[in-house]
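J.: The structure's right below; bear with me while I get my questions together.
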Amino acid sequence: MKRYTAKEIAEILGVSTSGIAHPDFEIETITTDTRTVNTPDSAIFFALPGSINDGHDFIRDAVSKGIKNIVVSLNTGQIDADINFYKVENTLLALQKLAAYHRASFPDLEVLAITGSNGKTTIKEWLSQLILDRQVVKSPKSYNSQTGVALSLWQIRDSDQLGIFEAGISKVGEMAALEKMIKPNIGLFTMIGDAHAEGFENTDQKLYEKLQLFKDARAIIFEEDDIIVSLAIRDRYEDKELYSWGWGEHSTLFVIKGMKQTLHGTEIKIRYNNEILKFQLPFVEKASIDNALHCLAALFVIGISIDDATSGLLHLHNLPMRLELKNGINGSILVNDTYNADIQSFRMAMDFVEQQAGHREKVVIISDFMQTGLTRTELNHALADIINKHKVKQVIGIGNTVEYLKGFLNQDISFQHFVTTEKLLEQVHELDLSQMMILLKGARMFKLEKIVDFLSEKIHTATLETDLQALGHNLRVFSQYVKKETKIIAVIKASAYGSGSEELAKFLEHRKVAYVAVAYIDEGIQLRKAGIQLPIMVLNPDRNSVNDMANYDLEPEVYSNEQLREMIDYLKLANKSNFKIHIKIDTGMHRMGFMSDDIPLLTEQLENTRLIKVASVFSHLSSSEDAGDDAFTEYQVALLNKHFETLASAFGYRPLKHILNSAGIVRFPQYHFDMVRLGLGLYGIDSTGILTEQLEKVHTLKANVIQIKDVGRDAFIGYNRRGQVSKLGKIAVINIGYADGLLRNSGNGRYSVSIHGVDFPIIGNVCMDLTIIDIGGGVDIKVGDEAVIFGKDKPVEALASVCGTIPYEILSRISNRIKRLYIQG
């Protein structure tokens with residue numbers, strides 16, 4: 001991250017440097033919230049006025065947190081601290097000025113800006129998933145406001161090659177400020193709807209304001225069939241490169257009519273540059289298809305290859321809070337679309353519900369819609385038209401305006417009204433919602449997520465987070481050590497070391513690994529059913545399941561002549577041929593594999609059959625990370641090479657050869673051969689110590705504080721009274737135990753968990769479902785706070801060391817009842 005001195009910041013903001021006490025202070029981060037400061041010494045706090053709070057009220061809090069640089073527009077009074085204060089007329093304009101300067105200091109950075117009434121965040125997040133050939137910086141979450149854009153741009157670093165930023169406005173004049181900061185080279189307009197309509201005289205004015213974002217862009221992407229938008233863009237920006245998609249032949253990307261729904265989504269055909277292209281999208285609802293087509297057009301403008309675009313689109317998925325489908329109580333299905341509330345997004349949500357409901361009856365839980373620009377009658381009439389069209393059985397309204405919706409609904413639709421979300425929660429248990437398809441849609445101020453939480457199927461709240469961006473980074477790190485011609489096998493056995501195999505396999509397939517390896521056949525079948533098309537190697541195949549492996553195109557490890565004979569006999573009976581296998585040679589680990597004495601019979605069996613194709617010959621190193629065992633490693637490699645040549649000579653062809661795991665990839669580059677097997681290294685765990693500083697931790701295991709209590713200093717804690725508090729007699733209970741994978745021998749003070757960045761020791765024995773920690777009196781801890789077991793700054797290796805085991809065991813022991821969450825940047 002680029003650092004600025006206090007003197008440079010003052011000069012950028014136009015503040016006299018004579019008032020800066022410490023001009024050499026270096027600044028790296030910007031904050032507008034004193035609660036979220038991690039590095040106060042290098043932070044600058046902007047005291048922004050808000051509709052509820054004024055940042056100037058929190059200046060003393062900022063000082064107490066250690067922040068040394070503060071931007072203000074009001075007099076601060078007497079503060080007894082050695083602080084750099086930057087006095088400006090308007091702190092928001094000052095923040096934007098600093099962000100614009102920072103953006104301008106990267107003149108060669110290509111920037112794509114996205115605006116429109118709906119879809120901005122989804123398209124941004126999808127593009128960041130799809131673009132893998134360059135470093136992308138993007139807006140976090142939905143940071144598209146006057147403040148959010150400035151904070152987003154501050155993230156830009158020298159290594160970034162493409163920026164993707166959202167821009168949203170709610171009134172006239174705001175887009176000019178955003179354009180001045182972002183200065184995009186490429187613009188993407190999603191669609192025009194009625195969100196934030198009250199800030200504009202009409203749709204034409206709102207569209208005109210939004211299009212100011214593209215005044216200096218070289219190219220603009222839009223939907224040709226959105227007539228209002230396409231006419232405005234073509235009229236105003238006819239001198240720019242215009243890229244449209246649509247169902248008309250004059251579109252740059254012409255979508256050929258006749259989209260076909262498949263088992264896994266929708267197949268579309270596109271004519272682009274006089275070439276017919278076919279893409280598979282993992283969606284059936286119109287909103288997601290439209291967003292995907294916007295992405296496709298952007299990929300072509302940016303210069304992504306057709307092959308990469310095809311692969312990437314296949315693996316897209318809906319984002320949380322965007323038409324999120326989840327299991328509800330009593331067999332219901334919830335569609336959580338509580339992200340925004342306007343007519344257009346409601347119509348999209350209802351289309352999605354219609355496609356997903358099947359035989360289920362439909363229920364809509366809806367709040368007042370805010371800032372639509374419509375009268376009460378116009379709004380309720382529009383909502384009712386959509387609801388009536390989709391034959392909804394029941395509508396539950398929350399708020400004041402929505403009360404009048406009933407008068408516009410068909411008579412056979414049941415309607416119930418609640419003034420507040422809390423009133424509904426008091427009675428929701430009386431409603432019969434079993435087996436229903438339930439859409440929840442409303443304005444954020446109504447906090448419908450409370451209803452989502454109540455109606456959701458309850459699972460363990462302790463969470464294992466898997467950071468896919470970190471996983472991708474680690475894959476790139478190891479790829480740099482591997483020769484271009486060497487393929488990578490991603491080992492995702494034991495449910496991807498606790499992460500969840502399906503999600504990881506989809507991610508890795510998009511990153512173009514050559515193979516995935518699983519432990520057992522059922523894991524491979526699960527991946528095939530999830531749509532994974534990569535070659536799948538099964539490391540511990542059941543000898544009685546050849547039929548399943550053949551039917552699901554799984555490639556087993558073969559480790560004995562008896563196993564091979566049974567396999568050949570089955571293939572003869574089933575009349576199957578060209579069945580791929582991987583021959584395992586035991587070169588000294590003495591676990592599984594063919595011994596040297598087994599090779600002649602192995603050769604004879606394979607010479608006499610054409611039913612089997614040997615995909616690879618491989619072995620497993622016993623101690624690749626141990627320099628003291630390098631001589632034995634060399635012996636193992638030599639023995640594999642010897643038997644490989646014997647087999648290849650007998651086959652008449654040369655299968656692939658591999659022997660290295662994660663540690664071996666780093667320590668023995670001369671033995672990369674045709675493939676390498678990358679397992680724990682993917683997750684940021686380096687047993688060699690060579691790559692520790694380059695890799696990023698992928699897993700974070702978190703629990704929650706569920707109770708806090710004061711006990712006597714002489715009180716004993718937990719089973720067998722093994723624990724005793726050490727300081728002020730204050731303990732916290734967190735919702736994770738040995739049934740979840742937190743090993744019992746981490747208790748009794750041997751290991752600590754982290755809350756708010758401070759470590760607190762486990763006191764007493766770890767229980768089956770709960771763990772007690774000694775929190776003393778140092779940090780303000782509340783019920784609901786997160787307790788990190790291991791993560792980015794608390795390596796899993798530390799827990800493994802305390803428990804006298806290895807990280808493999810810690811990760812693979814994490815229970816299935818722990819919720820899995822996948823984050824992307």
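J.: If I compute solvent accessible area with a 1.4 Å probe over the protein chains, what percent of it on the chain is carbon and sulfur? If you can, show how the numbers build up before the last one.
T.: On the way: 17220 of 36530 Å².
Whole-percent figure for carbon plus sulfur exposure: 47.
J.: Suppose all protein chains stay in the model; what accessible area per residue would a 1.4 Å probe give for the chain, in Å²? Could the numbers behind the result be given before it?
T.: On the way: 36530 Å² over 825 residues.
Spelled out: the 1.4 Å probe surface of the chain, per residue, equals 44 Å².
J.: Show me the GluC sites (Glu not before Pro) within the range 170-256 that DSSP assigns to loop and that have at most 10 other Cβ atoms within 10 Å of their Cβ.
T.: Working: sites: GLU174, GLU179, GLU198, GLU201, GLU209, GLU223, GLU224, GLU238, GLU241, GLU249; in loops: GLU201, GLU224, GLU238, GLU249.
Those that pass, being in a loop and sparsely packed, are GLU201, GLU238, GLU249.
J.: How tilted is helix 343-357 with respect to the longest principal axis of the chain? Cα atoms for both, answer in degrees (0 to 90, nearest 10).
T.: So the helix axis and the longest Cα principal axis differ by about 30 degrees.
J.: What are the residues whose amide H is under 5 Å from the amide H of TYR86, where those residues sit 5 or more places off or on another chain and H is modelled from the backbone?
T.: ILE70, VAL71, VAL72
J.: If you bin the C-alpha pair distances of the range 201-276 every 5 Å from 0, what whole percents do you get?
T.: Each 5 Å bin holds this share of Cα pairs: 3, 14, 21, 19, 15, 11, 9, 5, 1, 0.
J.: What percentages make up the Cα-Cα pair-distance distribution of the chain when the bins are 10 Å wide from 0?
T.: With 10 Å bins starting at 0, P(r) equals 2, 11, 17, 22, 22, 15, 8, 3, 0, 0.
J.: Taking the simple approach of a point 7 Å from Cα along Cα-to-Cβ for both LYS423 and ARG476, what is their distance in nm?
T.: So the two model labels end up 5.3 nm from each other.
J.: Apply the a/c threshold of 1.5 to the C-alpha gyration tensor of the range 524-628 and tell me whether it is rounded, prolate or oblate.
T.: Values: a/c = 2.37, a/b = 1.24, b/c = 1.92.
Oblate shape, in that a/c is at least 1.5 and b/c is the bigger or equal ratio.
J.: SER414 to ASP216: extension gain in nm, 0.36 nm per residue of separation minus the Cα-Cα distance?
T.: On the way: separation 198, 0.36 × 198 = 71.28 nm, distance 5.23 nm.
Working it through step by step, the gained length comes to 66.1 nm.
J.: By how many degrees, between 0 and 90 and to the nearest 10, does the Cα long axis of helix 501-510 differ from the longest principal axis of the chain?
T.: Here the helix axis deviates by roughly 80 degrees.
J.: Could you list which residues have their amide H under 5 Å from that of PHE594, counting only those 5 or more apart in sequence or on another chain, with H placed in the peptide plane?
T.: Here LYS584, ILE585, ASP586 satisfy the definition.
J.: OK, next. Straight-line reach from LYS529: which aspartates and glutamates have Cα under 12 Å away, leaving out those fewer than 8 places along the same chain?
T.: GLU502, ASP553
J.: Suppose the chain between GLU430 and MET259 were pulled fully straight at 0.36 nm per residue; how much longer would it get relative to their current alpha carbon spacing?
T.: Numbers: separation 171, 0.36 × 171 = 61.56 nm, distance 4.28 nm.
This chain segment gains 57.3 nm when fully extended.
J.: Can you pull the one-decimal nm distance between simple spin-label points at LYS483 and PHE651, each 7 Å off the Cα toward Cβ?
T.: 1.8
J.: Once you place label points 7 Å from the Cα toward the Cβ at LEU74 and SER170, how far apart are they in nm?
T.: Placing both labels 7 Å along Cα→Cβ, they lie 2.1 nm apart.
J.: Something else now. Can you compute the FRET efficiency between ASN578 and GLN135 using 1/(1 + (r/R0)^6), with r the Cβ-Cβ distance and R0 = 41 Å? Round to the nearest 0.05.
T.: Numbers: r = 42 Å, r/R0 = 1.02.
My answer for the efficiency is 0.45.
J.: Calculate how steeply helix 468-481 sits against the longest principal axis of the alpha-carbon atoms of the chain, using the helix alpha-carbon long axis, and give the answer as 0 to 90 degrees to the nearest 10.
T.: Tilt relative to the chain: about 50 degrees.
J.: For a label point 7 angstrom out from the Cα of ASP239 toward its Cβ, which stretches of the range 190-233 have the backbone nitrogen within less than 17 Å?
T.: 212-220, 233
J.: Distance between Cα centroids, the range 138-210 to the range 746-825: provide it in whole Å.
T.: First find each Cα centre; the distance between them is then 40 Å.
J.: Can I ask one more? May I ask which residue of LEU207, VAL558, ILE302 lies farthest towards the positive end of the charge dipole of the chain, with charges of +1 (Lys, Arg) and -1 (Asp, Glu) on Cβ and the Cα centre as origin?
T.: Checked the options; the winner is VAL558.
J.: Where does the Debye-calculated log10 I(q)/I(0) of the range 61-109 sit at q = 0.27 Å⁻¹, using only Cα point scatterers of equal weight, no solvent?
T.: Debye curve over Cα of the range 61-109, log10 I(q)/I(0) at q = 0.27 Å⁻¹: -1.03.
J.: Sorted by accessible area with a 1.4 angstrom probe, largest first, how do ARG813, ARG236, ARG721 fall? List each step's numbers first, then the result.
T.: Numbers: ARG813 125, ARG236 75, ARG721 155 Å².
So, going from the largest accessible area down, we get ARG721, ARG813, ARG236.
J.: Rounded to the nearest 500, what is the chain's calculated 222 nm mean residue ellipticity when only DSSP H runs of at least 4 contribute -39500 (n - 2.57) each, over all residues?
T.: Details: 25 runs with 252 residues, N = 825.
Dividing the helical sum by the residues of the chain leaves -9000 deg cm²/dmol.
J.: Just to verify a number: what accessible area does LEU656 come out at with the full protein assembly present, 1.4 Å probe, Å² rounded to tens?
T.: For LEU656, the solvent-accessible surface is approximately 50 Å².
J.: Also: List the pairs from LYS120/LYS206; LYS68/LYS447; LYS493/LYS794; LYS269/LYS393; LYS487/LYS584; LYS572/LYS642 whose alpha-carbon separation is above 27 Å, in the order I gave them.
T.: On the way: LYS120/LYS206 16 Å; LYS68/LYS447 36 Å; LYS493/LYS794 24 Å; LYS269/LYS393 36 Å; LYS487/LYS584 18 Å; LYS572/LYS642 31 Å.
Beyond 27 Å: LYS68/LYS447; LYS269/LYS393; LYS572/LYS642.
The values are calculated or read from the model by the stated rules, or taken from the named source; none is laboratory data. Quick caveat: nothing in here was measured; it's all calculated off a predicted structure. As a convention, Cβ positions derive from the backbone with ideal geometry for all residues, glycine included, and neighbour counts pool all protein chains shown. With ligands, DNA and RNA removed, areas are computed over all heavy atoms of the protein, side chains included. Shrake-Rupley method; radii C 1.70, N 1.55, O 1.52, S 1.80 Å.
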